[in-house]
Structures are given as structure tokens and as C-alpha cells.
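First the structure, in the form of C-alpha cells, and then the observations on it.
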Amino acid sequence: RAKNSGKNRYQIFNNEIYNEMKREYEIEKELTKALERNELYVEFQPKVGLSEKRIIGFEALIRWESAKLGKVSPVEFIPVAEYSRLIVPIGRFVIEETVKKCYELIQHGYDDFNIALNLSEIQLRDSEIVNDFINITNMYGVSPKYVEIEITESLLMKSIDKNIEILVKLKELGFSIVLDDFGTGYSSLNYLTRLPIDVLKIDRSFVNDILESTKSRCIVEKIIELSHNLGIKVVAEGVEEKDQVEYLRSILCDFVQGYYYSKPISFQKAVALMDSLSI
Ligand code: C2E
Ligand code: MG
Ligand code: MG
Ligand code: MG
């Protein structure tokens, strides 16, 4: 009997692995055609300035509506895009969409804003990445000061010195560098001094239980204090409640982002919200 259940477990295990591999294979196969089929698009989530009391910009987040697979979350397809290197052309699409939207906002008379995009380490290591940023911003005549580049600490360690060099180049060109998901990777504090960071984004896992957990409050407070001492601004991500906003305001957090203000939405809706939201 024991032998039987052992065998069953083995089969379940195999089936799970098989299903996962099949799904990944399908995602990769469909993702290859996603760009040319116009299945990819970008949504924008507002970032609110707590002292400005207004929407000070957006984060660009990629979306995929696959003809064959339906809506697929970036949490699922970005890793596939990374190992297949499809992230390079897909990421370039996101850069261009972001710069295009900056151009449109400037055309409509907006000035004091920025749009953040997520950059994978695979893109950072692509030899053309700096040229891509230069060419795309030049093409639209958009100053790099409007564009923020978000990177995550978990992947940076792989080739840290080379990555720092490229980030320094991008910063010298005028782009802002944001350290995303802060607190979830490792060597976090090490990064604060080694990377040319302008903004730090506290991961939503800390923000989640900020009202319930003394420990989370303590950590978030100290991260903000430390960042400010280093000349780094702080965004809290995943803010879902008014009381979280009020607490973050009281400890001098600079910016907040989360469902409390808005989920990621179409650019048109995001701009309308920027015009109408009173905080
Ligand atoms: P991220 O960069 O940390 O983006 C924040 C994620 O948290 C987004 O999920 C956003 O929709 C979600 N979020 C924002 N506010 C709240 C909130 O109040 N509550 C909750 N529960 N969630 C909130 P999304 O859009 O599914 O993206 C997931 C991740 O996929 C991103 O995490 C980022 O790592 C990656 N990603 C998204 N777009 C791109 C892209 O264009 N390029 C790359 N390389 N990665 C991307
Ligand atoms: Mg991000
Ligand atoms: Mg994040
Ligand atoms: Mg992330």
C-alpha cells in the first residue's frame, strides 16, 4: 500500500512538471508572435506625491492579451521572456511606449511628471541598451528626466560591476534609477551605497501589514530615514488603505502607489485621473 501511494505521488509529481513545462512552452511559442500581432500593450498606475498632493507620474506595466491563451499575467510571462531573451524586443516596445506617452503629456502642457518602466537584467546586459534609450528619447525629443528606470535587486548580483557601469551611464544621461521591490532580495543595504539610485521602492509585503505589525512599521520607518540620509526618495508600493497612506505620510514617505488610489489603467484614464484627483 505504501508502495502504491509512493508511486501515485511520483506520478502526480511528473504530471505537475509536465503541465508546467507544457504551459511554459506554449507561452514562449505564443509570446514569439505577440509583438507582431499587437497583443502587447501597456497600462499605467498613478504614483501620488504625499507633499505634492497630486499624481506626480505613473509606472508603465506591460499587459498581454493572447489570442490563444487569453490574458496572461506579467508575473507568468516575464520570466519566460527573460530566459528566451524575447524580453529584449518586448522591453524595447515598453521603452518606446513610455517615451511616446511622455511626449504626449509634454505636448499637452504637462511638465512636472515622470513615467517609470521596469527593466530586466537581461535588457541591462544587452549591448544596445544605452543606445536604445538614447535613440528612442531622441526620436521623440523627450528629455531623459521624464523617464525612470526600475530595476530589481534579486537579479542584479549576477554581474554587478558591469550592471553598475551601465546604470551610471544611464543616470549620467539624465534617466532616474529606481530600486524596485526593496527588501525582498539580498544584500539590500549593500546596493544602497553601490548603485546610483535616485529612488527606492519599498516592497508591498512590508506595506501590507504596516498597520498591524510593529516590526514592519519599524523597518519601513528606518528604510525611509536611511534613504533620506543618502539623498534617496522613497515610494511605498501596494498601498490599499487610507490609514496606510496617513501613516506613511506621518513618517515622511515621499510617494505612494497602490490600489487605494488606482489600479494600473489605460493611459487615457490615467491622465483623466491626474487631472481630477484631489488628495
Ligand atoms: P512591479 O514592478 O513590482 O509592479 C508592481 C505590481 O504590483 C504590479 O503588478 C501592480 O499591478 C501590482 N500592484 C500595484 N498596486 C497594488 C496594490 O495595491 N495591491 C496589490 N496586490 N498589487 C498592486 P503587475 O502589473 O502584475 O506586474 C507584476 C510584475 O511584473 C512587476 O512588478 C514587474 O516586476 C513585472 N513587470 C511588469 N511589467 C513589466 C515590464 O514592462 N518589463 C519588465 N521587465 N517587467 C515587468
Ligand atoms: Mg516596478
Ligand atoms: Mg515592485
Ligand atoms: Mg517586481
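The values are calculated or read from the model by the stated rules, or taken from the named source; none is laboratory data. If you're wondering where the values come from, they're calculated on a predicted model, not measured in any experiment. Cβ sites come from the backbone with ideal geometry, for glycine too, and all protein chains shown count toward neighbours. The accessibility values were calculated without ligands, DNA or RNA, using every heavy atom of the protein model including side chains. Shrake-Rupley method; radii C 1.70, N 1.55, O 1.52, S 1.80 Å.
General remarks:
- Using C-alpha pairs below 8 Å separated by at least 6 residues, the relative contact order for the stretch 83-166 is 38 percent.
- With all protein chains in place and a 1.4 Å probe, the accessible surface of the stretch 134-196 carries 54 percent carbon and sulfur.
- Net charge, Asp126 excluded, C-beta distance under 11 Å - Lys, Arg +1, Asp, Glu -1: 0
- For the stretch 14-61, the per residue solvent-accessible surface stands at 55 Å², with DNA, RNA and ligands left out and a 1.4 Å probe.
- When you filter the GluC sites (Glu not before Pro) in the stretch 168-226 for DSSP loop state and at most 15 other Cβ atoms inside 10 Å of their Cβ, you are left with Glu212.
- Adding -39500 (n - 2.57) for every DSSP H run of four residues or longer, then dividing by how many residues the chain holds, sets the calculated 222 nm ellipticity at -16000 deg cm²/dmol.
- Sequence-distant residues sharing a close amide H with Glu59 (under 5 Å, placed H): Gln45, Lys47, Ala116
- 5 angstrom amide H check on Ser66, placed H, neighbours 5+ away: Lys71, Val72
- Tensor-based shape of the stretch 150-279 (alpha-carbon gyration tensor, a/c under 1.5 rounded, otherwise prolate or oblate): oblate
- Cα-based Rg and Dmax for the stretch 72-198, where Dmax is the largest Cα-Cα distance (Å): 14.5, 42
- HN-Hα J in Hz across the stretch 25-35 - Karplus 6.51, -1.76, 1.60, θ = phi - 60°, x for Gly and Pro: 4, 5, 4, 4, 4, 6, 5, 4, 9, 5, 5
- Kirkwood hydrodynamic radius of the chain, from inverse mean 1/r over distinct Cα pairs, in Å: 20.2
- Annotation note: GluC sites (Glu not before Pro) in the stretch 40-149 located in DSSP loop regions with a Cβ neighbour count of at most 16 within 10 Å are Glu52, Glu128.
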